[in-house]
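Have a look at the structure below before the remarks.
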Amino acid sequence: DQQVKQNSPSLSVQEGRISILNCDYTNSMFDYFLWYKKYPAEGPTFLISISSIKDKNEDGRFTVFLNKSAKHLSLHIVPSQPGDSAVYFCASHGSGNTGKLIFGQGTTLQVKP
Amino acid sequence: EPEVTQTPSHQVTQMGQEVILRCVPISNHLYFYWYRQILGQKVEFLVSFYNNEISEKSEIFDDQFSVERPDGSNFTLKIRSTKLEDSAMYFCASSEPYRVQPQHFGDGTRLSIL
């Protein structure tokens, strides 16, 4: 079973506050996770990744947390900015060795000024 | 910053016709991928390509689909006889050795089958 799920289709936050986007996966063999941001009419842009040997990775305003026992990861954006408004996709490498990415459905983030 | 380039940005084709979508991956990348996103649905994996051969393909990638790296820079996806359900955004991606490097995506080709 190879699924990645983002159960919140949308999220609205105020500028300057924290945005928390959530993602769940079903296969405990998944070992590398990525977050992408997508603007309309553009391709997904890589944001941040995390390997299963870690539980946290931070890059500027973006932090990804991984809870392997719960098969859950989250992306924290703080402080949120209006330019962060986009669709955010969680993705995982599949359990094979070919680099195949399995995507969640995406969460649309709106950051209000 | 290097980027993945896809052409055309929009392709309109009659059902049953052949279509070729083109991609120029980032120059030092070795792994190449095609994904598609049907309107309102998830981004779906189609195929991965390394060392001039397919490494993995999804069940979507049937005999109507093929990929090729005809020279040192281009990576193409061909759909031999298009169907209405092939209408989607098609994204090309490339990466360095995948285990520790993310895939970088182009802006996609919107394929519309009439």
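The values are calculated or read from the model by the stated rules, or taken from the named source; none is laboratory data. Note that the structure is predicted; figures quoted are calculated from it, not measured. Note that we place each Cβ from the backbone using ideal geometry, even for glycine, and neighbour counts take in every protein chain shown. Accessible surface areas use protein heavy atoms only, side chains included; no ligands, DNA or RNA. Shrake-Rupley method; radii C 1.70, N 1.55, O 1.52, S 1.80 Å.
For the protein assembly as shown, the residue among A:Ser49, A:Leu109, B:Tyr33 whose Cα projects farthest onto the positive side of the dipole built from Cβ charges is A:Leu109. Computing Rg and the Kirkwood Rh from the Cα coordinates of the range B:71-114 gives a ratio, Rg/Rh, of 1.07. Among the aspartates and glutamates, which fall within straight-line cross-link reach of A:Lys71, defined as a Cα-Cα distance under 17 Å, with same-chain neighbours fewer than 8 residues apart omitted? Qualifying aspartates and glutamates at Cα under 17 Å: A:Asp1, A:Asp24, A:Asp31, A:Asp55. Using a probe of 1.4 angstrom and keeping all protein chains present, the accessible surface of chain A works out to 46 square angstrom per residue. In the context of the full set of protein chains, residues of chain B present 51 Å² of accessible surface per residue (probe radius 1.4 Å, heavy atoms only). Pairs of Cα atoms nearer than 8 Å and 6+ residues apart set the relative contact order; for chain B it is 38 percent.
Where the centroid of each part is defined by its Cα atoms, how far is the range B:1-46 from the range B:48-88 in Å? That distance is 9 Å. Think of the protein assembly as shown as a dipole: +1 on every Lys or Arg Cβ, -1 on every Asp or Glu Cβ, centred on the Cα centre; then among A:Ser92, A:Gln81, B:Ser66, A:Gln81 lies furthest on the positive end. The mean sequence distance of close C-alpha pairs (under 8 Å, at least 6 residues apart), as a share of the length of the range B:68-114, puts its relative contact order at 36 percent. For the range A:79-111, heavy-atom accessible area (probe 1.4 Å) falls by no less than 20 Å² from the chain alone to the full protein assembly at A:Phe89, A:His93, A:Asn97, A:Thr98, A:Gly99, A:Lys100, A:Leu101, A:Phe103, A:Gln105.
Per residue, the convex hull spanned by the Cα atoms of the range B:18-114 amounts to 99 cubic angstrom. Each Cα pair under 8 Å and six or more residues apart adds its sequence gap; the mean of these over the residue count of the range A:40-109 is a relative contact order of 19 percent.
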